């Protein structure tokens, strides 16, 4: 199975796009990198993302526009791979994390209270799927948080 993986980290310097070949299952699963690139964010999109990460106020309309803009950048990263999309079985897109707070515990007297975590990723998977014509799985971090995920991408692999 050929899978494109898309990820943009908190440095917001660009989108990592990788075409991989995945075979086997369980402990016999193998992943082979076929091609990988880092597609840089345009300065305007990068500055909008960083402003929101710095808690700059935003309207819901502007947030939705940025969600679209990030999705289009992810689509351009796919196009920059210069591959035949008909050979791709699936796209996995983490999106761009804007905010992430893991679940937290707080001791109040003899009671341990657990607060729910939350997370916000942008880069609409539905738009990526519609534009590329490929099944797209996205917004992984929400499932990660539901299972007690921690900040930092390396923990994500243990919850999916």
Gyration tensor verdict on the chain (Cα atoms; rounded if a/c is under 1.5, prolate if a/b is larger than b/c, oblate otherwise): oblate
Extension reserve of the residue 115-residue 82 stretch, reckoned as 0.36 nm per residue once the Cα distance is removed: 7.4 nm
Helix axis angle, 43-53 relative to the chain longest principal axis, alpha carbon, degrees: 20
Rounded to 10°, Cα long-axis angle of helix 60-80 versus longest principal axis of the chain: 40
222 nm mean residue ellipticity, helices alone, for the chain (DSSP H n ≥ 4; -39,500 (n - 2.57); rounded to 500): -9000 deg cm²/dmol
Cβ-based exposure ranking for 41, 27, in which fewest neighbours within 10 Å come first: 27, 41
Rounded Å value of the spacing that divides the Cα centres of the range 69-88 and the range 10-53: 11
Segments 30-39, 113-122, 69-78 sorted - mean Cβ within 10 Å per residue, highest first: 69-78, 113-122, 30-39
Listed residues 57, 102, 40, most fluctuating in the chain (Gaussian network, C-alpha, under 10 Å): 57
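Only the coordinates and a few stated rules stand behind these numbers; no lab work does. None of the values given here were measured: they were computed from a predicted structure. Glycine also receives a Cβ, built like all others from the backbone with ideal geometry; neighbour counts cover every protein chain displayed.
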